[in-house]
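Student: One structure coming up, written as structure tokens, with questions to follow.
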């Protein structure tokens, strides 16, 4: 069987060079040319722990229990469903290097080896650049060792970058020549914020390159499935913790020996929840009964152009309670909010220069529509709400039924608790009024 190396960043979305942005990530660009690159991959939840839990269990966040953040008291219902545990049962040595965000303590997950000092799930350490580069060195050393000893392994290499806080871009990136994301006004403040992200992405690229080089240097790449992805969109307003495409859209590259689609880009609509069944298919391992996704192998082998008619994504808790769900087809998207108010919870936007700029401009005085329907072919930036447009009534009814059926089939707790989904005893949840997640204003 083939080995598996799973490389993942924090909060990168698709703002990387292989997706056409002016953000230099040469190692990831080189990987893209050797992989199948997915242009339309989406996470199951645009917040850290729910997204990762869904990818690594093949189940929706509200199914596996991770409806909030692991370091705030949320957890999987059953850690035996985690990919690391499943592969360990199939005879793989499982190793974690760097960060994870599926448990308050990584030991709960079931890894055999921990290559880096346990930092829990906190992203707020003094030197994220140094930590990621040190993790990359340790991951490379592990690969060197595995090349000598043999045997199948699963290595999860997790980086803090590109999570906030960003490094000072001075001397690295000149904000004068930076373009902020389209969701942000182009001014010095937002350019400087984006310059920080670009500097962080350079560190992530450098660390990823060290691991990729080790695979090639040892020859392990001839028998290894390499996956690169991230958890959700970048940590800017209207992105992370939002169900718009910049929030749920993620990078995904898959490389493995003999892949006939290597060096190509796919426009297929896929979800990170499809990765677990894809690995089962490629490794010819039995598919656990709990999996919800579908295998991407037909796309990887050029035998199909699509495997999904729709994907779903969700938010229940982030720093504060903000229940919402969406269904997205190739062309249309329906977002539905289930909260008791029509405002944005301030603490669900990560603190930074762009947030503070938008706060001063009045972002938190604006109302949020309870439902939003978008025709993505005509409105890819999701600004024209078509919920009340008679021309789209059939589309609205169709997507509404699909969303309800999914929620009902998966026993979504929002159907049982329409006013408030309970959170675990002792979990930390910010009040709605809390401005920044770091403030100790909890319910």
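Student: Right, residue 375: out of contact with any helix residue (DSSP H, G or I) (no Cβ under 8 Å at 6 or more places or on another chain) and either modelled with pLDDT of 95 or more or more than 22 Å from residue 245 (Cβ to Cβ) (or both) or not?
Tutor: No: the conditions fail for residue 375.
Student: Turning to a different aspect of this structure: Quick check on this structure: which one of 61, 26 is over 17 Å from residue 228 (Cβ atoms) and not assigned by TED's automatic domain parsing to the domain that holds residue 330? Give the steps one after another, and end with the answer.
Tutor: Details: 26 fails: over 17 Å from residue 228 (Cβ atoms).
Exactly one residue qualifies, and that residue is 61.
Student: Among the listed residues 140, 201, identify the single one that is more than 25 Å from residue 112 (Cβ to Cβ), out of contact with any strand residue (DSSP E or B) (no Cβ under 7 Å at 6 or more places or on another chain), in the same structural domain as residue 271 (by TED's automatic domain parsing) and touching a residue at least 24 places away in the same chain (Cβ under 8 Å). Break it down stepwise before answering.
Tutor: Numbers: 140 fails: more than 25 Å from residue 112 (Cβ to Cβ).
That would be 201, the only listed residue that is more than 25 Å from residue 112 (Cβ to Cβ), out of contact with any strand residue (DSSP E or B) (no Cβ under 7 Å at 6 or more places or on another chain), in the same structural domain as residue 271 (by TED's automatic domain parsing) and touching a residue at least 24 places away in the same chain (Cβ under 8 Å).
Student: Now for a different question. Under the condition of being free of Cβ contacts under 8 Å to residues at least 40 places away in the same chain and surrounded by fewer than 22 Cβ atoms within 10 Å (Cβ to Cβ), which residue from the stretch 72-87 is nearest to residue 278 (Cα to Cα)?
Tutor: Only one residue fits best here, namely 85.
Student: Which pairs have Cβ atoms under 9 Å, sit 6 or more apart or on different chains, and link a residue in the stretch 220-238 that is assigned by TED's automatic domain parsing to the domain that holds residue 381 and in a loop (DSSP other than H, G, I, E, B) to one that is buried (at least 24 other Cβ atoms within 10 Å of the Cβ) and modelled with pLDDT of 95 or more?
Tutor: From residues that are assigned by TED's automatic domain parsing to the domain that holds residue 381 and in a loop (DSSP other than H, G, I, E, B), there are no pairs.
Student: Quick check on my filter: what residues within the stretch 174-188 are part of a helix (DSSP H, G or I) and without any contact (Cβ under 8 Å) to a residue 12 or more places away in the chain? Please lay out each step first, then the result.
Tutor: Going through the stretch 174-188, the residues part of a helix (DSSP H, G or I) turn out to be 175-177, 188.
Across the stretch 174-188, the qualifying residue is only 177.
Student: Let me ask something else. Out of 56, 28, I need the residue that is within 23 Å of residue 194 (Cα to Cα) and surrounded by 24 or more Cβ atoms within 10 Å (Cβ to Cβ). Which one?
Tutor: Values: 56 fails: within 23 Å of residue 194 (Cα to Cα).
None of the others qualify; the one that does is 28.
Student: Another question, then. Which of the residues that make up the stretch 327-342 are surrounded by fewer than 17 Cβ atoms within 10 Å (Cβ to Cβ) and under 21 Å from the mean Cα position of the chain (by Cα)?
Tutor: Let us first name the residues in the stretch 327-342 that are surrounded by fewer than 17 Cβ atoms within 10 Å (Cβ to Cβ), namely 330-331, 340-342.
If the condition is that a residue be surrounded by fewer than 17 Cβ atoms within 10 Å (Cβ to Cβ) and under 21 Å from the mean Cα position of the chain (by Cα), then 330 is the only one that fits.
Student: A follow-up question, please. Of everything in the stretch 147-173, what is part of a loop (DSSP other than H, G, I, E, B) and touching a strand residue (DSSP E or B) at 6+ places or on another chain (Cβ under 7 Å)? Give them in sequence order.
Tutor: Restricting attention to the stretch 147-173, the residues satisfying the condition of being part of a loop (DSSP other than H, G, I, E, B) are 150-152, 159-173.
Result: 151, 152, 159, 161, 162.
Student: Tell me, please, whether a residue that is closer than 23 Å to residue 306 by Cα, assigned to a loop (DSSP other than H, G, I, E, B) and either over 16 Å from the mean Cα position of the chain (by Cα) or without any contact (Cβ under 8 Å) to a residue 12 or more places away in the chain (or both) can be found in the stretch 6-22. Talk me through it step by step, then tell me what you get.
Tutor: Kept after step one, since they are closer than 23 Å to residue 306 by Cα, are these residues of the stretch 6-22: 13-14, 18-20.
Keeping just the survivors that are assigned to a loop (DSSP other than H, G, I, E, B) gives 13-14, 20.
Narrowing the set further to residues that are either over 16 Å from the mean Cα position of the chain (by Cα) or without any contact (Cβ under 8 Å) to a residue 12 or more places away in the chain (or both) leaves 20.
Yes, some residue in the stretch 6-22 is closer than 23 Å to residue 306 by Cα, assigned to a loop (DSSP other than H, G, I, E, B) and either over 16 Å from the mean Cα position of the chain (by Cα) or without any contact (Cβ under 8 Å) to a residue 12 or more places away in the chain (or both).
Student: Kindly provide the set of residues from the stretch 125-164 that are exposed (fewer than 14 other Cβ atoms within 10 Å of the Cβ) and out of contact with any helix residue (DSSP H, G or I) (no Cβ under 7 Å at 6 or more places or on another chain), ordered by number.
Tutor: 126, 127, 130, 141, 145, 148, 149, 150, 151
Student: Sticking with this one: Across the stretch 244-280, what is the number of residues that are out of contact with any helix residue (DSSP H, G or I) (no Cβ under 8 Å at 6 or more places or on another chain) and assigned to a helix (DSSP H, G or I)?
Tutor: Selection size over the stretch 244-280: 7.
Student: If only one of 347, 292 is at pLDDT 95 or above, buried (at least 19 other Cβ atoms within 10 Å of the Cβ) and either part of a loop (DSSP other than H, G, I, E, B) or out of contact with any strand residue (DSSP E or B) (no Cβ under 7 Å at 6 or more places or on another chain) (or both), which one is it?
Tutor: Working: 347 fails: either part of a loop (DSSP other than H, G, I, E, B) or out of contact with any strand residue (DSSP E or B) (no Cβ under 7 Å at 6 or more places or on another chain) (or both).
On inspection, the qualifying residue turns out to be 292.
Student: Scan the stretch 315-326 and give yes if some residue there is out of contact with any helix residue (DSSP H, G or I) (no Cβ under 7 Å at 6 or more places or on another chain), surrounded by fewer than 20 Cβ atoms within 10 Å (Cβ to Cβ) and modelled with pLDDT of 95 or more, otherwise no.
Tutor: Applying the first criterion (out of contact with any helix residue (DSSP H, G or I) (no Cβ under 7 Å at 6 or more places or on another chain)) to the stretch 315-326 yields 315, 317, 321, 324, 326.
Retained after the next criterion (residues that are surrounded by fewer than 20 Cβ atoms within 10 Å (Cβ to Cβ)): none.
Among the residues of the stretch 315-326, not one is out of contact with any helix residue (DSSP H, G or I) (no Cβ under 7 Å at 6 or more places or on another chain), surrounded by fewer than 20 Cβ atoms within 10 Å (Cβ to Cβ) and modelled with pLDDT of 95 or more, which makes the answer no.
Student: So, in the stretch 383-403, exactly how many residues are in a helix (DSSP H, G or I) and either surrounded by 12 or more Cβ atoms within 10 Å (Cβ to Cβ) or in contact with a strand residue (DSSP E or B) (Cβ under 6 Å, 6 or more places away or on another chain) (or both)? Spell out how you get there, then give the answer.
Tutor: Step one: list which residues in the stretch 383-403 are in a helix (DSSP H, G or I), which gives 390-403.
Cutting the leftovers down to either surrounded by 12 or more Cβ atoms within 10 Å (Cβ to Cβ) or in contact with a strand residue (DSSP E or B) (Cβ under 6 Å, 6 or more places away or on another chain) (or both) gives us 392-393, 395-396, 398-400, 402-403.
The total comes to 9.
Student: Follow-up question, since we're still on this one. What tally of residues in the stretch 360-382 results from selecting those that are outside any loop (DSSP other than H, G, I, E, B), touching a residue at least 24 places away in the same chain (Cβ under 8 Å) and under 30 Å from residue 192 (Cβ atoms)?
Tutor: At the first step, the residues of the stretch 360-382 found to be outside any loop (DSSP other than H, G, I, E, B) are 360, 363-365, 371-375.
From what's left, touching a residue at least 24 places away in the same chain (Cβ under 8 Å): 363, 371-375.
Restricting the remaining residues to those that are under 30 Å from residue 192 (Cβ atoms) gives 363.
Final tally of qualifying residues: 1.
Student: Just to verify a result, which residue in the stretch 193-209, among those that are in contact with a helix residue (DSSP H, G or I) (Cβ under 6 Å, 6 or more places away or on another chain) and buried (at least 21 other Cβ atoms within 10 Å of the Cβ), is nearest to residue 129 (Cα to Cα)?
Tutor: Kept after step one, since they are in contact with a helix residue (DSSP H, G or I) (Cβ under 6 Å, 6 or more places away or on another chain), are these residues of the stretch 193-209: 193, 195, 203, 205, 207-209.
Then drop every residue that is not buried (at least 21 other Cβ atoms within 10 Å of the Cβ), which leaves 193, 195, 203, 205, 207-208.
Details: 193: 17, 195: 15, 203: 6, 205: 11, 207: 9, 208: 12 Å.
My answer is 203.
Student: Also, quick follow-up: Would you mind telling me which numbered condition in (1) surrounded by fewer than 24 Cβ atoms within 10 Å (Cβ to Cβ); (2) modelled with pLDDT of 95 or more; (3) more than 21 Å from residue 350 (Cβ to Cβ) residue 188 fails?
Tutor: (3)
The values are calculated or read from the model by the stated rules, or taken from the named source; none is laboratory data. This one's a predicted model, so the numbers in the text were calculated from it and none came from an experiment. Cβ atoms come from the backbone with ideal geometry, glycine included; neighbour counts cover every protein chain shown.
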